[in-house]
Amino acid sequence: MSVDTSYKHENKNFRGVGSYGDIQVRDRKMYVVPTPYALADGTAHARTLILPADQDPGEGFVCVGDLRRREVDEVVVAYQFDLKTNVLTTQTEPNPGRGREHPFKAWRLDDDPGGPVTLKTPVRRADRATGGRSRARRRVAVQATVQKS
């Protein structure tokens with residue numbers, strides 16, 4: 001989930017690609033958001049509810065984890081795809097909320113089994129499309145905010 005709710009998603013398109021100029025290109029954004037299984041340990045095979053720390057799930061729940069997520073330093077504000085080279089490049093800007101922590105709590109029904117829930121350490125892998133920035137960092141940056149160029 002993104003802390004920025006101001007972005008308005010719009011699909012765009014244009015015609016003119018190909019030898020006859022009749023191919024349409026559609027810019028249909030696809031957001032790949034990590035699941036709780038990718039973000040936290042202790043969620044597999046157990047019904048787990050993760051909420052912002054200030055929200056109470058109600059009676060019958062027990063807290064099984066205190067989680068904190070920190071906003072990234074830079075956010076993606078634009079991207080470009082080169083049809084000749086198949087290169088995807090991104091443009092970033094400083095994140096106004098950089099470093100800000102957001103607290104969450106993991107909850108389970110009081111009679112559900114399972115151990116504690118903790119955040120995983122992000123895996124940092126270089127990715128050619130982002131000039132060596134980690135895939136985890138890029139994913140979080142896109143989640144944090146996406147703005148039209």
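Read the figures in this text as sums done on the coordinates, not as results from a lab. It should be emphasised that the depicted structure is a prediction, and the values quoted were computed from it without experimental measurement. All Cβ positions, glycine included, derive from the backbone under ideal geometry; neighbour counts span all protein chains shown.
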Practice prompt. Would you mind counting up the charge near residue 94? Only other residues with Cβ under 10 Å from its Cβ, with Lys and Arg at +1 and Asp and Glu at -1.
Written response: -2
Worksheet item: Packing-wise, with mean Cβ within 10 Å as the measure, how do 37-44, 50-57 rank, highest first?
Response: 37-44, 50-57
Item to complete: Subtract the Cα-Cα distance of residue 46 and residue 17 from 0.36 nm times their separation in residues, and report this length gain in nm to one decimal.
Response: 5.5 nm
Worksheet entry | Environment charge of residue 60, counting only residues whose C-beta is closer than 13 Å and scoring Lys/Arg +1, Asp/Glu -1 | -3
Worksheet, complete the sentence: Yeah, region 1-44 with a ≥ b ≥ c from its alpha-carbon gyration tensor (a/c under 1.5 is rounded, else prolate when a/b outruns b/c, oblate otherwise) is oblate
Worksheet item: When you count, for each residue, the other Cβ atoms within 10 Å and take the mean per peptide, how do 87-93, 100-106 rank with the highest first?
Response: 100-106, 87-93
Item to complete: Could you sort 111-119, 27-35 so that the peptide with the highest average Cβ count within 10 Å comes first and the rest follow in order?
Response: 111-119, 27-35
Item to complete: For region 42-91, run through the GluC sites (Glu not before Pro) and keep only the ones in DSSP coil with at most 13 other Cβ atoms within 10 Å of their Cβ.
Response: 59
Worksheet entry | Most positive-pole-ward Cα, 49, 79, 38, against dipole of region 1-79 from beta carbon charges | 79
Response to the item:
On the formula 1/(1 + (r/R0)^6), with r taken between the Cβ atoms of residue 29 and residue 85 and R0 of 22 Å, the FRET efficiency rounded to 0.05 is 0.55
